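Have a look at the structure below before the remarks.
The values are calculated or read from the model by the stated rules, or taken from the named source; none is laboratory data. Remember, it's a predicted structure, so these values are computed and weren't measured experimentally. Glycine also receives a Cβ, built like all others from the backbone with ideal geometry; neighbour counts cover every protein chain displayed. With ligands, DNA and RNA removed, areas are computed over all heavy atoms of the protein, side chains included. Shrake-Rupley method; radii C 1.70, N 1.55, O 1.52, S 1.80 Å.
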Amino acid sequence: MNPALAEALGDLPVLMRAHLGVSLAAIGIGVAVGLPLAWWAWERRRVRGALLGAVGLIQTIPALALLALFYPMLLVLGQASGLAIPALGFLPALIALSLYALLPIVRNGVAALAGIDPGVREAAEGIGMTRRQRLLLVELPLGAPVILAGIRTAAVWTIGAATLATTVGQPSMGDLIFSGLQTENWLRVLVGCLGAAVLALAADGVLALVESGLARRSRWRVRLGLGLIAAALLVAFVPWRNAPEQETVVIGAKNFSEQFILASAIEERLRAAGYRTERRDGLGSTVAYRALAAGDIDVYVDYSGTLWANILARTDNPPAAEMRQQLSELLARRDGVAVIGPLGFENAYALAMRRERAAELGISSLDQLARSAPRLRLGADLEFLTRPEWRAVERAYGLRFAEHRSYSPTFMYRAVADGSVDVISAFSSDGRIADLDLVTLADPRAALPSYDALLLAAPRRARDERFLGALRPLVGAIRVDRMRQANLMVDRDVDKRTPAEAARWLLADY
Amino acid sequence: MIELADVTKRHGAGTALDGVSLTAAAGEFVALVGPSGSGKTTLLKSINRLAAPDEGIVRVDGRDVRDMPVTELRRGIGYVIQGIGLFPHMTVAENIWIVPRLAGTPATEREGRVAELLDLVALPREFAGRMPSSLSGGQAQRVGVARALAAGPRIMLMDEPFGALDPVTRDELGRSYRALHDSLALTSIMVTHDMAEALLIADRIVVLIDGRVRADLPPAELLSSQDPEVRALVDVPRRQAERLHALAEGR
C-alpha cells in the first residue's frame, strides 16, 4: 500500500475516536441545554426572540474563530481563578462546538412547541396535567419529529465543525486534513474528509432511524437507534485497553511541513526512550507557545526571532548567540519554559531570487537589490508584508518595489519560478530554495533577525533529566541542508514522503 | 354542587363576564347558550380554573376553587372540548386512560376499565388499540367523552362537544350523552350555540348575552319567554319545528 495512505489509515482509528468523542459530548450538551432553553423561552415571547437572535448570532461567527476565542478565554479564566482549567484540547473544543450545536436544537425546539395544536394543549391542561406532565406526555412526543430533525442538523454540523477542533489541540479528523493540506498530501486530506463525512452520515442515519421509529411507533427501530448511540458512546469514551504505566508526553507542532517533520523526529526520540506520545499538530503560532507555557503541551520547536518579537515584544535585533542566551534566561524567568537548545539550523525570512535572474541583474545582497528594486516585483507570503521583519528590511535598505503581491507559500514559490515576480520572501530552510535553484540574498546590515530553531520544554519538564536527556541528542544535530532536503521530500509533487518518513531520514545519521 | 357568585372577567378593554351568578345542583344538566363572544366558554373555564375571574367566587362542592390544588380540581372534573382534543400520538385506550394514569391508578386496572368505558360510549372494544386519526368525528368525540369519564368524575364540563359533527351523529351523540348523564348521576354543564340541541337535552338553559345572564329557565319556560333577545334565539328552532310539522301534516 502507498505509505502515505497507510500512515493516514493508521492514524485514523485514534483520530476518529477522538472526533466522535468531542462531537457526541457537544451534541449531548447542546441537547441538554438547548431543549430546556427552548421550553423555557417558548412561553416568554420577548425572551424567545432574544434567545433565537443570540443563538443565531453565535452561528454567524466562523467556527474556526469561535474555537480560537475559547483558548485565550479559558487561559485568562484559569489564571484568574487559580484553577487548573485546561485551555487547550477537549474543553475549548467542547464549549465552542456545544454553542454551535445550540441553534438548530433551540430553533427546532421552539418550532416544535409552537406547532402543537392549541386544542391538544388545552385538553392536556383541562384534564389536569401539570406543566411537567404536559411536557413529557404531550409536548415532547408530539414535537419529537421536529425536535429530532433539529438534533440531526446539529449532529451533522457539529461533526463537520469538529474537524476545526484540531486548531485548538483537540485531535480530530482535522489532523489529517490540516497536515495533509499543509504538505499537499491529498490522500491524507481525502482520508480525513471521508472519515468526517462517514461519521456525519452515520450519525444522521442513526437519528433518522430513531425518528422513523417514533413516527411509526416501531419499538425495534427506536431501540436499535438508541442501542447504536449507546455503542458510539462506548467506543468514544470507554478506554480501549488498560493504559500502560508509561508517562504520556504531548508534542506540539505549528501548521507547516517543517514543524510536522520535527514533531515526528521528537516523537521518535521520546518513543525510543520509552515514553508514550501524543501529538497536537496544526497549532496557531502564538497558541503553541502559550500552550507550552500553560503545560498543555510538553515540547515543541519554535524560532528565536519569533519568540523575540512576538512573545517578548522586543524590537531590537541582537546577534544570534546573544538572542538565544537572553531568550533562555527571559523565558525561564517569565514562564518557566526551558530552552533545551538550538537544533542547528535557521528558518529565517530571506529574500530570494532565481539564480540566473540575480546574476543577470548583478544582485547578491540586499544593498544591491535596493538599487534595482523599483523595477522589480516582490512576491510575499500572506503575512510577511505586515510583519516587523519587513519593516526593518524596508527601512534599513530603503527598499521600494514596483509592485507587491501576496500568495500562499506554495504559490509564492511557483510565482518566482515562472517569473510572475522577481523576488520572494522565502524561508531559509525551505527545500524549494535548492529545488528551484534560488539564491538567498545576503543581509550585510543585519536587518533580519535570526531564526534559530529552538527546542522548548514545558515548565514541568524543565528539570526532568530523563526527558531532557532523551531530546538532547537533537541539539545541534540538524544542518540546514538536511532540513531543506527533508522539507523538500514532504513538499515536492513527485516521490512525495510523509513527515514521519522524512523525520526518520533526518535522524538516520546517528 | 357548582356555584358562581358575581363573577366578572375582563378581557383587555371588554368584559367577558359581567357579574354572573349561577348555580347547578347535583344531577342537573345545564346548557349555556348565547351568541359568539357572549362569555359562555369563559364561564365554563372559570369552573376548572382554565380562566381566572377578576372578581367573584367560583365554588365546587362548597369549596372555593382557588383553594383547591389545580390538578386535583381538574382531574375530578370531566372536560370535553370542541375539536375533540384527543392526543394524536396515543391510542384510544391510552387517551381514555390518561386521567387515571395521571392520578397514579395501577395499570392493571386499565384494560377492564377501558373496555367498560368503550361499552359506555357505545364503541366496539377493538377500538382500544386504534389511533385517533383512524376514527370518524363521531367516534372520536365518543372517545373524548369516555376519556372525560375515565376517572369517575361527578361533574362534566363540555364546550361545544358535538359542534363539529354532522346533524345525524350530533343528535345521536347528544341523546346518548343525556342517557349517560342520567345513569351515572352526573352534573353536566354544556356550552352550545345550538338552541335546539340545548332545548332537547338540558334541564335548564342559561342564556348569556354580553357577559350577563339574560335568562335562566327550564326549556319549556324559555320557549314562552317574552324577552325579545331570548325570543330571537328560540324562534329559529321553533319556526323550523313548526314548518317541519306542517310539512309532515301535508299542509
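Worth pointing out:
- Surface per residue (accessible, 1.4 Å probe) for chain A, Å²: 44
- Over chain A, equivalent-ellipsoid semi-axes from the Cα gyration tensor in Å: 50, 25, 22
- Here residue A:372 and residue A:272 are evaluated by their C-beta separation; at R0 = 41 Å the FRET efficiency comes out at 0.20.
- Between residue A:505 and residue A:313, the simple label model (points 7 Å from Cα in the Cβ direction) yields a spacing of 4.2 nm.
- Remark: accessible area buried at the B-A interface is about 1700 Å², both chains counted, probe radius 1.4 Å.
- Each Lys and Arg Cβ is given +1 and each Asp and Glu Cβ -1; about its Cα centre, the protein assembly as shown then shows a dipole of about 420 debye.
- Residue-averaged [θ]222 nm for the protein assembly as shown, counting only DSSP H segments that reach four residues, each worth -39500 (n - 2.57): -16500 deg cm²/dmol
- Remark: the residue A:136-residue A:237 segment gains 33.4 nm on full extension, using 0.36 nm per residue and subtracting the alpha carbon distance.
- Cα centroid of the range B:172-201 to Cα centroid of the range A:2-41, whole Å: 60
- For residue A:454, the shell of other residues with beta-carbons less than 11 Å away shows a net charge of -2, using +1 for Lys and Arg and -1 for Asp and Glu.
- Listed residues B:36, B:57, B:24: farthest to the positive end of the dipole of the range B:19-78 (Cβ charges): B:36
- Candidate residues A:42, A:308: accessible-area rank, largest first, probe 1.4 Å: A:42, A:308
- In a reduced charge model with +1 at each Lys and Arg Cβ and -1 at each Asp and Glu Cβ, the range A:3-237 shows a dipole moment near 860 debye about its Cα centre.
- Residue ranking by accessible heavy-atom surface, 1.4 Å probe, largest first, among A:73, A:1, B:156 comes out as A:1, A:73, B:156.
- 5 angstrom amide H check on residue B:16, placed H, neighbours 5+ away: B:9, B:10, B:11
- Using the Cα coordinates of the range A:3-237, the gyration tensor eigenvalues translate into equivalent-ellipsoid semi-axes of 35, 23, 14 Å, sorted from longest to shortest.
- Positive-pole candidate from B:131, A:467, A:148, dipole of the protein assembly as shown, charges at beta carbon: A:467
- Pairwise centroid distance, computed over Cα atoms, of the range A:145-186 with the range A:295-330, Å: 34
- Linear extension gain, residue A:322 paired with residue A:186, 0.36 nm per residue minus alpha-carbon span: 44.8 nm
- Backbone N atoms of the range B:203-225 closer than 16 Å to the 7 Å Cα→Cβ label point of residue B:242 belong to residues B:223-225.
- Local electrostatic count, residue A:422, Cβ distance below 15 Å [Lys/Arg +1, Asp/Glu -1]: +4
- The range A:247-282 and the range A:369-433 have Cα centres spaced 32 Å apart.
- Distant-in-sequence amide H partners of residue B:81 (H built 1.01 Å from N, under 5 Å): B:159
- The Cβ shell under 13 Å around residue A:252 holds other residues with a net charge of -2, Lys and Arg each +1, Asp and Glu each -1.
- Net lengthening on full extension, residue A:202/residue A:60 (0.36 nm per residue, minus Cα-Cα): 48.5 nm
- Here the calculated FRET efficiency for residue A:219 and residue B:10, from their Cβ-Cβ distance with R0 = 45 Å, stands at 0.35, rounded to the nearest 0.05.
- Contact order for the range A:349-440, expressed relative to its length and based on alpha carbon pairs under 8 Å spaced 6+ residues apart, stands at 47 percent.
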